[in-house]
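Student: Before anything else, here's the structure in question.
The values are calculated or read from the model by the stated rules, or taken from the named source; none is laboratory data. Model, not experiment: these values are computed from the prediction. Virtual Cβ from ideal backbone geometry, glycine too; neighbours counted across all protein chains shown.
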Amino acid sequence: MAVDVKPQTVSEWMKQKAFRDIVDAFRSELIHVTCDSIRGLGRKASRTIDYLMDHGSPAVRLAAAKYVLDTINLGYVTVECW
């Protein structure tokens, strides 16, 4: 969505604490919604890998198991959303 506002106007608005607070609230909400979405996708991905490890061909089961082990060894599982 575009708004026809001059950069100088936005700059002036950003000097006002009330305006900055509103912008910060919108940013925080966006981060919260995004993290919730990522968590949901993580659960879905985990279920997919679990299914493939039980029902895939031997090559697919091996690839899924290797992915899990590689992910754990690389420390990716420690990533947090606040």
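Student: Here are some residues: 33, 5, 23. Which one is touching a helix residue (DSSP H, G or I) at 6+ places or on another chain (Cβ under 9 Å), on the phi < 0 side of the Ramachandran plot and surrounded by fewer than 11 Cβ atoms within 10 Å (Cβ to Cβ)?
Tutor: Going through 33, 5, 23 in turn, the sole match is 5.
Student: Would you mention how many residues in region 11-20 are exposed (fewer than 10 other Cβ atoms within 10 Å of the Cβ) and not hydroxyl-bearing (Ser, Thr, Tyr)?
Tutor: Of the residues in region 11-20, 3 are exposed (fewer than 10 other Cβ atoms within 10 Å of the Cβ) and not hydroxyl-bearing (Ser, Thr, Tyr).
Student: Continuing with the same structure: When the residues of region 18-49 are narrowed to those that are closer than 24 Å to residue 60 by Cα and among the polar types (S, T, N, Q), which ends up modelled with the lowest pLDDT?
Tutor: Looking at the filtered set, the residue picked out is 46.
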